[in-house]
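The values are calculated or read from the model by the stated rules, or taken from the named source; none is laboratory data. This is a predicted model, so every value here is computed, not measured. Using ideal geometry, Cβ is built from the backbone for each residue, glycine included, and neighbour counts are taken over all protein chains shown.
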Amino acid sequence: MPKAKINNIELFWVEAGSGDNVLLLLHGFPLDHTMWLNQVEYFAGRGWRVIAPDHRGYGQSTHNPQEVTTVDLMAQDAAGLLDHLGIARAVIVGLSMGGYVTFAFNRQFPEKVRALVLADTKAEPDPPQARENRYKLRETIRQQGSTAARDGMLPVMFSPELHKQGSPMIDDLGAIMLRTKPEAIMATLPGLAERPDVVPELPGIKAPYLVIHGEKDQLMPVANARLMAEANARAKFVEVPGAGHMANIEDAEFFNRAVEDFLKGV
């Protein structure tokens, strides 16, 4: 699997497919590129070149544990990867934290953006309590490791119904969290806590964008996602019925079709 020296780290990615139509998939927190494996296979089989990196410190990518991993920095890594691969423009797809990075990418590198897909994410900054909770989690992880992130986040990553009935999806996602390096999580939390408010930027986004959101997302209210789409005339909103925060996994078939329909117009 490929790695490249980008922005003083070793960035790992997987890719599939070929051609000039490029999808760049940016994963959520505290996960890695494997959350996108269904989408990598699906869109590569439909004429897209699909690239899914591990953010710095996650998966097989390295990081500087003394450096705060900000959304701007992760966006710069993603842009550097496109440059390394000789790709001028791509559709940027981000879920949750990946959505924050997608906003940062569009802000810094609009010329590289063909379109945006904003999945189960939000434009608002953390309110004070949420910001404080991120710093508390950082200290808990310092003491307990990645288990603390898994135990705190996994119960709300899917719909309440899926958690109640149980599913291999839940165990698989928990396994990704457990193998994520505690140092990477700790380096990222301050960057997430202090990320900027993107709401004022929404009307000015020039690229077409899709807001796709699980109906039963327990982390980020679907109502906020609707407002994110309503803020820009070029935006489209799709709700994934019955799905929670990890809508791309919980109902991959619906998610993929909705994204594919959007891509036909870009």
(message) Condition check: β-branched (V, I, T), assigned to a loop (DSSP other than H, G, I, E, B) and surrounded by 19 or more Cβ atoms within 10 Å (Cβ to Cβ). Does T121 satisfy that?
(response) yes
(request) Can you tell me which residue within region 222-266, out of those that are under 14 Å from L116 (Cα atoms) and among the basic types (K, R), is surrounded by the most Cβ atoms within 10 Å (Cβ to Cβ)? (result) K236
(message) For region 165-224: of the residues being under 17 Å from the mean Cα position of the chain (by Cα) and of a type in the set (S, T, Y), which is farthest from F237 (Cα to Cα)?
(response) T180
(request) Mind listing whichever residues of region 156-171 are under 20 Å from T34 (Cβ atoms) and without any contact (Cβ under 8 Å) to a residue 24 or more places away in the chain? (result) S167, P168, I170, D171
(message) I need the full set of residues from region 199-214 which are part of a loop (DSSP other than H, G, I, E, B) and either out of contact with any Pro (no Cβ under 8 Å at 6 or more places or on another chain) or surrounded by fewer than 15 Cβ atoms within 10 Å (Cβ to Cβ) (or both), in order please.
(response) I205, K206, P208
(message) Can you tell me which of (1) touching a residue at least 60 places away in the same chain (Cβ under 8 Å); (2) within 26 Å of Q39 (Cα to Cα); (3) in contact with a helix residue (DSSP H, G or I) (Cβ under 7 Å, 6 or more places away or on another chain) is the one F109 doesn't meet?
(response) (1)
(request) From the list M177, M186, pick out the single residue that is farther than 25 Å from V222 by Cα, among the aliphatic types (A, V, I, L, M) and touching a helix residue (DSSP H, G or I) at 6+ places or on another chain (Cβ under 8 Å). (result) M186
(message) Would you confirm, using the coordinates I've provided, whether Y42 is touching a Ser or Thr at 6+ places or on another chain (Cβ under 7 Å) and either at pLDDT below 95 or of a type in the set (F, W, Y) (or both)?
(response) no
(message) For the structure I just gave you, tell me whether F12 is farther than 26 Å from M153 by Cβ, at pLDDT 95 or above and outside any loop (DSSP other than H, G, I, E, B).
(response) no
(request) Within region 216-248, track down each residue that is part of a helix (DSSP H, G or I) and either out of contact with any Phe, Trp or Tyr (no Cβ under 9 Å at 6 or more places or on another chain) or in contact (Cβ under 8 Å) with a residue 24 or more places away in the chain (or both). (result) V222, A223, N224, A225, L227, M228, A247, N248
(request) Test R114 against the criterion of being out of contact with any Phe, Trp or Tyr (no Cβ under 9 Å at 6 or more places or on another chain), assigned to a strand (DSSP E or B) and either under 29 Å from V240 (Cα atoms) or modelled with pLDDT of 95 or more (or both), and give yes or no. (result) yes
(request) Collect the residues in region 15-39 that are of a type in the set (V, I, T) and either at pLDDT below 95 or surrounded by 21 or more Cβ atoms within 10 Å (Cβ to Cβ) (or both), keeping them in residue-number order. (result) V22
(request) Output the number of the condition that Y58 fails; it satisfies all remaining conditions of (1) in a loop (DSSP other than H, G, I, E, B); (2) surrounded by fewer than 24 Cβ atoms within 10 Å (Cβ to Cβ). (result) (2)
(request) For L81, state whether it is assigned to a helix (DSSP H, G or I), modelled with pLDDT of 95 or more and of a type outside the set (D, E, K, R). (result) yes
(request) Would you mind telling me which numbered condition in (1) of a type outside the set (A, V, I, L, M); (2) within 11 Å of the chain's Cα centre (by Cα); (3) more than 23 Å from G174 (Cα to Cα) N21 fails? (result) (2)
(request) Find the helices (runs of 4 or more DSSP H) located wholly in region 127-189 whose residues include 3 or more that are crowded, with 18+ Cβ neighbours inside 10 Å, and list them. (result) 128-144, 146-153, 168-179
(request) Give me a count of the residues in region 78-92 that are surrounded by fewer than 24 Cβ atoms within 10 Å (Cβ to Cβ) and under 14 Å from the mean Cα position of the chain (by Cα). (result) 0
